[in-house]
Amino acid sequence: MKIGIIGAGFVGKAIAELLISHGHEVLIANSREPKTLFSLMGSLPQAQLGTVQDACHFAETIVVAIPFSNIGQLPVEALAGKVVLDVNNYYPERDGAIAALDNFEATTSELLARHLSQSTVVKVFSNIIAAHINRDALPKGNPSRRALPVASDDQQAKQQVMALVDELGYDPIDGGNLTESWRYERSKPAYCFPLNVAEMQQALSKAKRDEELPLSAWAGVV
Ligand SMILES: NC(=O)c1ccc[n+]([C@@H]2O[C@H](COP(=O)([O-])OP(=O)(O)OC[C@H]3O[C@@H](n4cnc5c(N)ncnc54)[C@H](OP(=O)(O)O)[C@@H]3O)[C@@H](O)[C@H]2O)c1
């Protein structure tokens, strides 16, 4: 399928590589002119380069992989009617303090969905370190396969994305709706640890809304 990727950093590039390795067509964009992505032509020659508007026009499914503080810059109209794969996380040190998140009153995906009010947001690939996205992908049935949760308020979109996750090398788990997606946000037991289906389900269920692990818990995960 065709997938647009907004954000050409660690995660955007890793997801582009994984998609291309499975035969998908990718157009990747940052906030600047495509020529600023010129070096990608060496490492990911199959990727098309463009602007954010180009990415929106390219596909019906769009990955958003940008610093959370910048989600308000995403074009609401151009993303209307699209399925938006939200891989973003909130780091106050980088993004600045956001009261609704600090007070556990909303999830990052709910805030993105509030901004992209005409899009269908699906939370996925947010709780795996970028460097592991291609390294850890394994064929279906491999006992070492990692599990990844998928959350959305739209059941059909969630099922489609779960099928894509499966195809790309991970066991998909139904992560509920966007309100419940805090269970695999930053600092939760399901965040960035390599877990199989049973372990991931256990990590999701034992998460507590107002309890956060320190950065040191997952920063060194290899
Ligand atoms: N790194 C990880 O291991 C990891 C894992 C899971 C999830 N995440 C989350 O995924 C998101 C991206 O992380 P990252 O590590 O890939 O960040 P990064 O390396 O800093 O890359 C961010 C990318 O977003 C682009 N960008 C920024 N604002 C933009 C905008 N308004 N429109 C279009 N492009 C924009 C930047 O390009 P320009 O500034 O040049 O436009 C850059 O290409 C973050 O929310 C992060 O928390 C990261």
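Which GluC sites (Glu not before Pro) in the stretch 1-63 pass both tests, a DSSP loop state and at most 16 other beta-carbon atoms within 10 Å? Walk me through the numbers before you get to the answer.
Details: sites: E17, E25, E60; in loops: E60.
Hits after loop and neighbour filter: E60.
For the stretch 77-126, just the Cα atoms, rotate onto the principal axes and tell me the three extents in Å, largest first.
Reported extents, whole Å, longest axis first: 31, 20, 16.
Would you mind getting the Kirkwood hydrodynamic radius of the stretch 167-217 from its Cα pairs, rounded to one decimal in Å?
Over the stretch 167-217, the inverse of the mean reciprocal pair distance is 11.5 Å.
Ordered by packing density, taken as the mean number of other Cβ atoms within 10 Å over each peptide's residues, highest first, how do 177-185, 111-119, 91-99 rank? Before the final figure, lay out each step's value.
Values: 177-185: 21.6, 111-119: 17.2, 91-99: 11.4.
So the peptides 177-185, 111-119, 91-99, ranked by packing, come out 177-185, 111-119, 91-99.
Most fluctuating residue of T36, T120, T107 in a GNM of the chain with Cα springs under 10 Å: which is it?
Of T36, T120, T107, the most mobile in the Gaussian network model is T36.
In what sequence do K158, K140, K35, K82 fall when counting other Cβ within 10 Å, fewest first? The partial results should precede the final answer.
Details: K158 23, K140 10, K35 7, K82 20.
Ascending Cβ contact count within 10 Å gives the list K35, K140, K82, K158.
How big, in percent, is the set of alpha carbon pairs in the chain lying more than 26 Å apart? Don't jump to the answer; show the numbers that get you there.
Numbers: 7578 of 24531 pairs.
The proportion of pairs with Cα distances above 26 Å equals 31 percent.
Which of I129, I62 comes first, and how do the rest follow, when ranked by fewest Cβ neighbours within 10 Å? Let's see the in-between values first.
Values: I129 19, I62 25.
Arranged by neighbour count, lowest to highest, I129, I62 become I129, I62.
I'd like the distance separating the alpha-carbon centroids of the stretch 34-70 and the stretch 103-176, in whole Å.
19
Compute the whole-percent fraction of alpha carbon pairs in the stretch 110-222 spaced more than 25 Å apart.
Values: 1172 of 6328 pairs.
Of all Cα-Cα pairs in the stretch 110-222, 19 percent lie more than 25 Å apart.
Name the long-range amide H neighbours of L148: under 5 Å, sequence gap of 5 or more, or other chain; modelled H, no Pro or chain starts.
D171, I173
Per DSSP helix of 4 or more residues, -39500 (n - 2.57); summed, then divided by the residues of the chain. What does that give at 222 nm, rounded to the nearest 500? Don't skip to the answer; put the middle values down first.
Values: 9 runs with 68 residues, N = 222.
When only DSSP H runs of four or more count, the value is -8000 deg cm²/dmol.
If the cut-off is a Cα-Cα distance under 24 Å, which lysines reach K2, setting aside same-chain residues fewer than 8 apart in sequence?
Correct list for K2: K13, K35, K82, K123, K140, K158.
With each pseudo-label sitting 7 Å past Cα toward Cβ, what's the Q73-E105 distance in nm, one decimal?
2.6
Using a Förster distance of 22 Å, how high is the FRET efficiency between Q156 and M1, based on the Cβ-Cβ distance and rounded to 0.05? Walk me through the numbers before you get to the answer.
Details: r = 15 Å, r/R0 = 0.69.
Calculated transfer efficiency: 0.90.
Once you keep just the Cα pairs under 8 angstrom separated by 6 or more residues, what percentage relative contact order results for the chain?
Details: 431 pairs, mean separation 35.1, N = 222.
Relative contact order for the chain comes out at 16 percent.
Roughly how many nanometres apart are two label points built 7 Å out from the Cα toward the Cβ at E17 and S31?
In this crude label model, E17 to S31 measures out at 2.5 nm.
Here, each number is a calculation from the coordinates, and none is a lab measurement. Note that the structure is a prediction, hence the values are computed from the model and not measured. Positions of Cβ are generated from backbone atoms using ideal geometry, with glycine treated the same way; all protein chains shown enter the neighbour counts.
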